[in-house]
Structures are given as structure tokens and as C-alpha cells.
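Reviewing the structure listed below.
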Amino acid sequence: MTSETIPVLSPIECRVLGTLVEKQRTVPDTYPLSLNALQAGCNQKTSRNPVIEAGEGELLQAIDTLKDLGLVREVSGSRVSRFEHQLEKVLGVPTQASALLTVLMLRGPQTAGELRLNCERLHRFADISSVEAFLDELAGRGGQPLVVELPRLPGSRENRWMHLLCGQPENSAKIEKPGEAGSHAEIDDLTARVAALEAEMAELRAELRSALAALGA
């Protein structure tokens, strides 16, 4: 598999892959992971959204699929089977970008500020601008973007980002950048308000003409 033919992963395959990358950075002494350690990491209650309870059979099936795709490989030379990821190599991304993808895979959609904070143990970004630069790079891959910027939630000040390893989300509409035209809904609302103001002005002009005529002006 090449970076140009990235498949759509299932949620459990995505969880396995993200857990392997995370544990490589956070607990290198126990990496590559045994099946038991991988299961514990996939099912842990912290730093996971959603929290899951994956069984051994599900994990083995997910590992087999990821092995076929080249994203995971089994390490020999141990009494217990151990597994390691090949995410950066297969997707062709640097470690900074893989840290962002990992946190998105494990915790769901997040803003650039949240990603900077949650990536702290995987990679320390200097500022939010550097996070945004890598996100833009991941989103701008020709024909095969790995992340997408989601529409802003009501009341939110920042847009969230989501990975695309499990396919396109339903609400991944085009994001309007600063200085660009507003959304269709905003334009329709402004058009309606302008039309109402124009009608009101026309009515006021008619009343003014009637009043002037009555005064003989």
C-alpha cells in the first residue's frame, strides 16, 4: 500500500493504530506492545473518546487487517507476540504530523489549541501556529487529505479538526476562511434583511409624500 491508496479504517482498527503510536512515545520501555498491553491501551478510560471495551478477538482481527495494509507488523524474537506501527512510513508523514493524527484518532475532533495541549507527551509544539501549519499540510495533500477542518459549532470560537482515516465525516462542509464570503445561510439572511429594509423605506417614502401633499407642499 502507498500513501496514495490509503484505505478507510474501521473505528477499532483506528484505535489499535493510534494506541500503538501513543505508547511508542509515552512508554517506550514496553514497546512494541503485547496483545494484553495493546488491549489495555485501547480500552483505557482516560485520553480516549469514545471509551470502548474491545475484546481480544476484535483486536486480533483489526491487527490482521492492519498487517495486510502494512500499517502494523508483528515483531519476532519474543515468547509473546508483540506489535509495532508503521504509520509514518506508510502514510509518508513526519513525527509531528503523526502525533496530531494519533491524538485525533484517540480523542476525536479537537481545535488546534486542544491538539497542542493533548499532544504534549507525543510532541511538544512551540505554538498553535505550528500545529495549524502541520494540520494545513495534512489537509492539503493532493487527492488524499488526512484531516479536515469541521464547521464551527454554535457558540464556539474555533473550528475543530478531524482525521479522515475512517472516511469523510458527514459534516465536513467547506470552511469559510477570514475574508471569504459568508455561508449561504448568512447570505440568505442578509438578503432577506435588506429586502425588508427596502420595503420599509418605500413605505416611509409613500407616507412622506402623502403628508407633503396634504400640506400642499
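Computed quantities for the displayed model
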| item | result |
| --- | --- |
| Failed condition for residue 66, given (1) more than 20 Å from the chain's Cα centre (by Cα); (2) among the hydrophobic types (A, V, I, L, M, F, W, C); (3) over 29 Å from residue 133 (Cα atoms) | (3) |
| Residue match in the range 105-117 (condition: more than 15 Å from residue 147 (Cα to Cα), in contact (Cβ under 8 Å) with a residue 12 or more places away in the chain, out of contact with any strand residue (DSSP E or B) (no Cβ under 9 Å at 6 or more places or on another chain) and assigned to a loop (DSSP other than H, G, I, E, B)) | no |
| Residues of the range 53-70 satisfying the condition of being within 15 Å of residue 36 (Cα to Cα) and part of a loop (DSSP other than H, G, I, E, B) | 53, 54, 55 |
| Odd one out for residue 176, checked against (1) assigned by TED's automatic domain parsing to the domain that holds residue 27; (2) at pLDDT below 95 | (1) |
| Residue check for residue 151: within 30 Å of residue 6 (Cα to Cα), touching a helix residue (DSSP H, G or I) at 6+ places or on another chain (Cβ under 8 Å) and either surrounded by 10 or more Cβ atoms within 10 Å (Cβ to Cβ) or at pLDDT 85 or above (or both) | no |
| Given (1) free of Cβ contacts under 8 Å to residues at least 60 places away in the same chain; (2) within 21 Å of residue 115 (Cβ to Cβ); (3) not small (Gly, Ala, Ser), number of the condition residue 31 does not satisfy | (2) |
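The values are calculated or read from the model by the stated rules, or taken from the named source; none is laboratory data. All of these numbers come straight from a predicted model, not from anything done at the bench. Note that we place each Cβ from the backbone using ideal geometry, even for glycine, and neighbour counts take in every protein chain shown.
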